[in-house]
Amino acid sequence: MIEFKSKLIAFPEVITYLKNNLQLKGLCSQILQQKIINQAAADRNIQITPEEIQIEAEKLRYEKRLFKASDTLGWLADNLISSDEWEAGIRNHLLSKRLAEHLFGKEVERYFWENKLNYDQVVLYQIILPEQNSAQEIYYQIEEGELSFYEAAHLYDVDETRRNRCGYEGKLYRWSFEPDVAAIIFNAQPKELLVPMRVNHSSCIFMVEDFISATLTPEIYQEILHKMFQEWLLAELNYMLYA
């Protein structure tokens, strides 16, 4: 039984809720994936020491601003877990990272260079509109100097957050776009206003701020490592289920 704010929830109720909300399959997949990780780590004699768990726990406590023991105990109680269960979760997290590094750490650089083009980035502004006609009209107004790109984005973009940022979308990888759209954007010149184009049933006016050539930064290294590990994990899961 799980006690939460003086009300009791029976385990079958949890299962029923997960089924009703189509979440049970995803949860079972995660459990099986952890079994795969545990077995693969054991086969390779990969272990996590208590000291490593404590270091990570201290880091998490700092991030969550749990500076006193009572703060940590209160947080654990609020999340319905014991300290042993929390440390078990930390162990699983560290084990996944250690296994990923063991399996694919030496392959990341090769993967990066083979796919380097996809890791080029663009600093992009865009205006997204529901109709091509309105996009074309706004494009001509910007071209003629009747209003700036930033004013148009603030006034007309369909997304409130992007309106408040005057069209700023951020840094995006080449692989974030469909190949035909990426080809146009990455062949543009900085500050060039691009002719409206249809993307995912909307009309987009793009303006490139700058380009960032791909380099194997620690962030990209981790992205690639995570991608390779998740692909391996999915393949192992499918083999377990269907072989």
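The values are calculated or read from the model by the stated rules, or taken from the named source; none is laboratory data. Please read all numbers here as calculations on a predicted model, not as lab measurements. All Cβ positions, even for glycine, are placed from backbone atoms using ideal geometry, and neighbour counts span all protein chains on display. The area values use the complete protein model at the heavy-atom level, side chains included, leaving out ligands, DNA and RNA. Shrake-Rupley method; radii C 1.70, N 1.55, O 1.52, S 1.80 Å.
Screening the candidates Ile15, Ile37, Ile46, Ile55 for the property of being under 30 Å from Trp232 (Cα atoms) and part of a loop (DSSP other than H, G, I, E, B) yields one hit, Ile46.
As a summary of the residue check, Lys227 satisfies the conditions (1) in a helix (DSSP H, G or I); (2) among the basic types (Lys, Arg); (3) over 18 Å from the mean Cα position of the chain (by Cα) except for the one numbered (3). Filter region 148-204 for residues that are open to solvent by 20 Å² or more (accessible area, probe 1.4 Å), under 15 Å from Ser134 (Cα atoms) and assigned to a loop (DSSP other than H, G, I, E, B); which is modelled with the lowest pLDDT? Among residues in region 148-204 that are open to solvent by 20 Å² or more (accessible area, probe 1.4 Å), under 15 Å from Ser134 (Cα atoms) and assigned to a loop (DSSP other than H, G, I, E, B), the one modelled with the lowest pLDDT is His201.
Residue count for region 51-63 satisfying the condition of being farther than 15 Å from His93 by Cα and surrounded by fewer than 12 Cβ atoms within 10 Å (Cβ to Cβ): 2. Leu66 meets the stated requirement of being open to solvent by less than 90 Å² (accessible area, probe 1.4 Å) and not in a helix (DSSP H, G or I). Looking at this structure, is Ile37 in contact with a Ser or Thr (Cβ under 6 Å, 6 or more places away or on another chain) and at pLDDT 95 or above? Against the criterion (in contact with a Ser or Thr (Cβ under 6 Å, 6 or more places away or on another chain) and at pLDDT 95 or above), Ile37 qualifies. What's the total number of residues in region 84-111 that are within 21 Å of Thr217 (Cβ to Cβ) and open to solvent by 40 Å² or more (accessible area, probe 1.4 Å)? So the count comes out to 7. Might you check whether a residue that is open to solvent by 100 Å² or more (accessible area, probe 1.4 Å), within 27 Å of the chain's Cα centre (by Cα) and not aromatic (Phe, Trp, Tyr) occurs anywhere in region 33-45? Within region 33-45, one or more residues are open to solvent by 100 Å² or more (accessible area, probe 1.4 Å), within 27 Å of the chain's Cα centre (by Cα) and not aromatic (Phe, Trp, Tyr).
Flag: Tyr17 matches the condition of being over 30 Å from His102 (Cα atoms), hydroxyl-bearing (Ser, Thr, Tyr) and open to solvent by 90 Å² or more (accessible area, probe 1.4 Å). Restricting attention to region 133-147, and to residues there that are assigned to a helix (DSSP H, G or I), out of contact with any Cys (no Cβ under 9 Å at 6 or more places or on another chain) and open to solvent by less than 60 Å² (accessible area, probe 1.4 Å), which single residue is modelled with the lowest pLDDT? Taking the candidates together, the pick is Ser134. Within region 205-241, work out how many residues are farther than 30 Å from Tyr140 by Cα, surrounded by fewer than 14 Cβ atoms within 10 Å (Cβ to Cβ), in contact (Cβ under 8 Å) with a residue 40 or more places away in the chain and of a type in the set (A, V, I, L, M). The total comes to 2.
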